[in-house]
Amino acid sequence: MGTAALVLGIISCVIALIPIIGILAVFTALAGFILAIVDMVKKSKTGEKKTKAIIGLILSIVSGIVMIISSTIGFGFIVYKSAQDALSNLDGNSIFSNVLENTQINTTTSETKYSVGQSADIDGIRVTYVDVDTNFTDYSEYADISIGHKVIKADFEFENIGTTNNYVSSYDFVCYADEYDCDSFFYVDDSTFSSTLSSGRKTTGSVYFVVPTNANEIVLEYQPNAFIDEKVTFIVE
């Protein structure tokens, strides 16, 4: 019986390594476990060596643990793929197509640039470029502005034109001066803003950045959804 327990333990370990099918190892592992226990009890009475039975017992236990892990991973992968396929085939469209349709998104490309007074629709949000101050100075006296730099301020209005709640934030903006990214400026009372808008609701907010005074082109890029590769660009100067 010790030999049989050892063989069943080895077979159980091999089967347990196979995802999904590995669940069958429960039968060989259980049989090996029982045979190992029985053989160890008998040999305890006779004083014979129980090496094979002990190894078979250990392998049976190990195979059970491996079987649980591999089966969990296998079933998890199947569930993930099934969910992914279901989402991507929903009504014959991808999940992103459905989101775009349900929220009435009117996307624009990053090549389009907007000036003060113009509006852009993106990801269910209508962004209106209200005003810009290219040399903003009404900030805290403790602000440390490097020589050769200045602060810009841009004001925006946001309207949720979708059918579900939409989140807007100052952190959705980045600034570039001659293609180099610029740091946000926080030494003002309203340096940041964030709001969750229900359908049809509006809010306003301002963004501040430190830029070189000799920059030839300064733009702001707005990307409200990191999962959709769409953004709009606003011209500062």
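Using the Cβ-Cβ distance between L17 and V38 with R0 = 22 Å, the FRET efficiency computed as 1/(1 + (r/R0)^6) comes to roughly 0.25.
Here the simple spin-label model places points 7 Å from the Cα toward Cβ, and for I235 and T3 these points are separated by 9.0 nm.
Once R0 is set to 25 Å, what does the formula 1/(1 + (r/R0)^6) return for the Cβ-Cβ distance between S199 and E221, expressed as a FRET efficiency to the nearest 0.05? With a Förster radius of 25 Å, E is 0.45.
Ordered by the number of other Cβ atoms lying within 10 Å of each residue's own Cβ, fewest first, K45, K153, K202 fall into the sequence K45, K202, K153.
Only residues of the stretch 139-154 count here: report those whose backbone N is under 19 Å from the spot 7 Å along Cα→Cβ of N214, or say none. What the label zone holds, given the 19 Å backbone N cut-off, is 145-152. For the stretch 146-195, the alpha-carbon coordinates run over 47, 27, 14 Å along the three principal axes, in decreasing order. By the count of neighbouring beta-carbon atoms within 10 Å, fewest first, E237, E221, E141 end up ordered E141, E237, E221.
Put a dot 7 Å past the Cα of E179, heading toward its Cβ, do the same for T51, and the two dots end up 7.3 nm apart. Per-residue 3J(HN,Hα) values for the stretch 144-153, derived from phi via the Karplus relation 6.51 cos²θ - 1.76 cosθ + 1.60 with θ = phi - 60°, read 10, 9, 5, 4, x, 10, 9, 10, 10, 10 Hz in sequence order (x marks Gly and Pro).
Our estimate of slack between S82 and Y142, defined as 0.36 nm per intervening residue step minus the Cα-Cα distance, is 15.9 nm. Working ranking of peptides 189-201, 208-220 by packing, defined as the average number of other Cβ atoms within 10 Å per residue, highest first, is 208-220, 189-201.
No value in this document is a laboratory result; all are computed from the given coordinates. This is a predicted model, so every value here is computed, not measured. Counting neighbours? That spans all protein chains shown, and the Cβs are built from the backbone with ideal geometry, glycine included.
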